[in-house]
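K.L.:
Provided herewith is a single structure, encoded as structure tokens, for subsequent inquiry.
Laboratory data are not the source of any read-out in this text; all were calculated from the coordinates shown. In this text the structure is predicted, and so the values were computed from the model without any measurement. Ideal geometry is used to build each Cβ from the backbone, glycine not excepted, and the neighbour counts take in all protein chains shown.
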Amino acid sequence: MSQIPKVVVIGAGWAGLGASYHLVKQGYDVTLLEAGAYPGGLVAGWKTAGGRSIEAGIHGFWYPYSNIFSLVKELGLSPFTPFTRSSQYSPFGLEVESPIFQDLPQLPTPLGTFLYTQFKRLPLIDRLSALPLLYALIDFDNSDAAWRRYDAVTARELFKDFGVSARLYRDSFEPMLLVGLFAPGEQCSAAAALGMLYYFILAHQPNFDVVWCRGTVGEMIFRPWVERIESNGGKVFTQRRVSDLKLDSAGKASGVVCGDEVFDADAVIFAVGVSGMQKIVSNSPSLRSHQQFQNISNLGAVDVLATRLWFDRKITIPHPSNACFGFNQTTGWTFFDLNALHDEYKNETGTVIEADFYHASQFLSLGDQELVPLVQHDLATCIPAFREAKVIDSSVIRLPRAVTHFAPGSYQYMLPVGTSIENVFMSGDWIITRHGSWSQEKAYVTGLEAANQVVSRFGRGAKAQIIPVETDEPHIQAARQLNQTVRSWSKILPDFWLP
Ligand SMILES: Cc1cc2nc3c(=O)[nH]c(=O)nc-3n(C[C@H](O)[C@H](O)[C@H](O)COP(=O)(O)OP(=O)(O)OC[C@H]3O[C@@H](n4cnc5c(N)ncnc54)[C@H](O)[C@@H]3O)c2cc1C
């Protein structure tokens, strides 16, 4: 082995950049290989031929994204808006308005969420039907045992079994699943649903508060971050699609194959999404020889559509971020007022809207000229002034099989950070971690976890300090403790029933 360990990181999203940045700071020889033309992964942004900024969907940064907020501070950046309020719309109009929860008197969770969220139509009796579900939230503690208990069940079955009303499910929980997990309840793991809802909404009153980048994340965070990685000696190569891994006679990774090039490696970190990893494994005899990697073929990914529309006039939009439900049976969508969020559009004479559609397979085959009127129609259903406005420019980005599908039964096939190849590590938003975070924060955290395993392996440098999610509130801790005691008693019973 060379004196300075060579680490090859594959994929330049949050996970890959996170791992690379930590390792270059610790003096490793890091090469980051990215298949796309720009770093950033699902969060990459670029300019159209006409010079307009676009990106693969707008990304929010929720209150508990402590590791990302800490990184941005370390990089000396200030890319974010203040915390913003949000709305939810259905075909009947405005349904919900959310306040900025951290500004209101703090109540023990979930009281603040329950009392401060302004439901315009949902009757109290429906909202109260969520109460029994609290038991499942207590019982699901993000442990391996809890994932195995709940992952085989669909989120819809879980809500049904706990007595959630049809209307609360349809008007509140399913929209959250479509936006948070990109799939309808009957296609989501109950474990993923409980983990996601607890992290983003229920663990602490301010958790649902969110900020946005004041431009594309690519320009405001990734560009300076990549420059920092390079100035620390890291090599970042775009348009390098990895196709295979070379193993030595002891079964350890010794190189990464990328077209005609081979990059020597003492350790490898994969930081690609599910469908990217499936393609690599299907091309790679060395990875295919490991059961763990073969099993990745059992995982799924979800289609997403990101559109940006420029309108000829200013339209008043009450809140900058909006989630919508009930427009399509199994598709959720969000729209964002970019005049309010992005510096670039503050003084625009017209309105700039980003509208993103999740679980949007039925839209991907449509042409732009078919999609743009559909988007305008849905926007006009929420805010009638869009009906008269004229679309003067548009961008449509189709993202087939782009985001992780947390399908029922998928947990058993997801990989942990350490793999059966001792110097190959995994990272990304679909990798198993006990941290408790989701989405971008999870991708970044698993990147740091993979970097830490490299540090442990070579004993060079310091481990990244990963900020844990805020501890449970005292009453939740007490309820979880009690629940675990009762569960431990039940261990004396024969292991006869399904978990
Ligand atoms: C429309 C949309 C909206 C979203 N909204 C939010 C949000 O509001 N908040 C939030 O936190 N999250 C959001 N997400 C999810 C978030 O984007 C992901 O959780 C996160 O970006 C995942 O990062 P990652 O590093 O794990 O993977 P990715 O970002 O997928 O990066 C993987 C990288 O690997 C590269 N790659 C793939 N195959 C190869 C190969 N063979 N060789 C080399 N490179 C390869 C890819 O090109 C890609 O750059 C959203 C996603 C979408 C699509």
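K.L.:
Give the order of Trp430, Trp14 when sorted by the count of other beta carbons within 10 angstrom, beginning with the fewest.
P.N.:
Ascending Cβ contact count within 10 Å gives the list Trp430, Trp14.
K.L.:
Ratio of alpha-carbon Rg to the 2.2 N^0.38 Å globular estimate for region 300-405, to two decimals, please. All intermediate terms of the calculation are to be shown ahead of the outcome.
P.N.:
On the way: Rg = 13.5 Å, N = 106, 2.2 N^0.38 = 12.9 Å.
Cα Rg divided by the expected 2.2 N^0.38 Å: 1.04.
K.L.:
Taking the Cα centre of each part, how many Å lie between region 120-175 and region 384-436?
P.N.:
Value for the Cα centre distance between the two parts: 23 Å.
K.L.:
Run the dipole for the chain about the Cα centre, Lys and Arg Cβ at +1, Asp and Glu Cβ at -1, nothing else charged, and hand back the magnitude in debye, nearest 20.
P.N.:
Working: 41 positive and 48 negative charges, 68 e Å.
Once rounded to the nearest 20, the dipole reads 320 debye.
K.L.:
Given an 8 Å cut-off on Cα distances and at least 6 residues of separation, report the relative contact order of the chain as a percent.
P.N.:
In percent, rounded to a whole number, it is 23.
K.L.:
Which aspartates and glutamates have a Cα less than 14 Å from the Cα of Lys390, not counting those fewer than 8 places away in the same chain?
P.N.:
Once the sequence-local aspartates and glutamates are set aside, what remains near Lys390 is Asp312.
K.L.:
Also, quick follow-up: How do Tyr116, Tyr358 rank when sorted from fewest to most other Cβ atoms within 10 Å of their own Cβ?
P.N.:
On the way: Tyr116 17, Tyr358 27.
Ranking Tyr116, Tyr358 by Cβ neighbours within 10 Å, fewest first, gives Tyr116, Tyr358.
K.L.:
Excluding Tyr345 itself, what net charge comes from residues whose Cβ is under 15 Å from its Cβ, given Lys and Arg +1 and Asp and Glu -1?
P.N.:
That works out to -2.
K.L.:
A follow-up question, please. So for region 1-114, what percent of the C-alpha to C-alpha distances run longer than 17 Å?
P.N.:
Cα-Cα pairs of region 1-114 separated by over 17 Å account for 73 percent.
K.L.:
Let a ≥ b ≥ c be the square roots of the eigenvalues of the Cα gyration tensor of the chain; is it rounded (a/c under 1.5), or, if not, prolate (a/b larger than b/c) or oblate? Don't jump to the answer; show the numbers that get you there.
P.N.:
On the way: a/c = 1.68, a/b = 1.16, b/c = 1.45.
The shape class here is oblate.
K.L.:
Run lengths n ≥ 4 of DSSP H only: what is the helix-derived mean residue ellipticity at 222 nm for the chain, with -39500 (n - 2.57) per run over all residues, to the nearest 500?
P.N.:
Computed mean residue ellipticity for the chain: -8500 deg cm²/dmol.
K.L.:
To continue, here is another question. Among Phe237, Gln88, Gln329, whose Cα projects farthest towards the positive end of the dipole of the chain, with charges put on the beta-carbon of Lys, Arg (+1) and Asp, Glu (-1)?
P.N.:
Of the candidates, Phe237 comes out farthest on the positive side.
K.L.:
Based on alpha-carbon centroids, what's the gap between region 216-286 and region 287-334 in Å, whole number please?
P.N.:
Going from one Cα centre to the other spans 25 Å.
K.L.:
Quick check on the exposure proxy: order Val210, Val24 from fewest to most C-beta atoms within 10 angstrom.
P.N.:
Taking fewest neighbouring Cβ atoms as first place, the list is Val210, Val24.
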